[in-house]
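A short worksheet on the structure shown next.
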Amino acid sequence: MNKVLVLGAGLVAKPLIDYFLDREAFEVVVSDLVPERARNLSGGRPRSRAVGLDIQDDFALASLIGSSDLVVSFVPYGHHPRVARHCLALNKHLLTASYVSGEMKALDGEARARGLVFLNEAGLDPGLDHMEAMRIIDRVRETGGKVVSFVSYCGGLPAPEANTNPFGYKFSWSPLGVLLASGNSARFLHHGREVVLPAEELFDRPAGISIERLGEFEGYPNR
C-alpha cells in the first residue's frame, strides 16, 4: 500500500486527502501543528491517521517522512525547503502547491540525480492555470493556428452574497499568504518585450475585465 504524508491541514488540504482515501491503494497520515485540525480532515476514516507536528521539529518530521512513500506539503511555503531536504536525505517524492523559490530550485539537480519527483506549482494558481493555458495553446497549434497573445486570469471570486470582506476575495487558502503574495514583483512579456513591475507598482494600473453575466473585474500582474 502507498503511504502518503500530508503536512498541514489548512483550507486546501481536504480535497486531496479525500482523493487519496477514496482509493484503496493509499494510506494517509495527516499532520498539523493543531492535532484537532488534522483529525477533522482525516475524519477517522479507514486507512487514515492524524498526528500533531511542529514542522520545525526535525526529528519528528524526519520520522514521519521516513515512513512514507510520498510527501505532500501544504505548510507555509517558507518551510518547503526544510521538508525537501529531508525528502532528499530519505529518498522520498515530494509535491507542493507553492511557487518554486530559489532555494527549492537549487535542489532540483540532486532530486533528479536520485530519481525523485519534486513537483511544485501544483495548486490552483500556480498549477491549474498552467495546465489550462497549455490545453488552450496546444489546441490552437493542433488546428494550425498561431498564438500571438495570451493573458491568463486566476483568482478567488466569491458569489455576491458571500462577498463580505474588504478585499472582495474568496479566501480558499491562507489569508496571510494572499497578503504576502501582493508584495511580490511581477514579470511578463508584452509585445515581445520583458516587463518587470516592482511590488509597489502592482496595483497602479489594474486591467479591466468584463465577463458576461458576471460583471466587471480588475486584474493585476502576479509573479
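The values are calculated or read from the model by the stated rules, or taken from the named source; none is laboratory data. In this text the structure is predicted, and so the values were computed from the model without any measurement. Surface areas here come from the heavy atoms of the whole protein model, side chains and all, with no ligands, DNA or RNA. Shrake-Rupley method; radii C 1.70, N 1.55, O 1.52, S 1.80 Å.
For the reader, a short list of remarks on this structure follows.
- Beyond 20 Å, the tail of the calculated P(r) for the range 11-129 holds 42 percent of the Cα pairs.
- Structural size metrics of the range 1-44, computed from C-alpha coordinates, are Rg and Dmax of 9.7, 27 Å.
- In the full protein context, the chain carries 64 Å² of accessible surface per residue, based on a 1.4 Å probe and ignoring ligands, DNA and RNA.
- Of all accessible heavy-atom area on the chain, the percent that carbon and sulfur account for (1.4 Å): 55
- Rounded to the nearest 10 square angstrom, H93 shows an accessible area of 70 square angstrom against a 1.4 Å probe.
- Evaluated at q = 0.09, 0.10, 0.14 Å⁻¹: base-10 log I(q)/I(0), Debye formula over Cα of the chain: -0.46, -0.57, -1.04
- Long-range Cα-Cα pairs in the range 77-183 (distance over 21 Å), rounded percent: 54
- Taking each residue as 0.36 nm, the span from F150 to A113 lengthens on full extension beyond its C-alpha to C-alpha distance by 9.8 nm.
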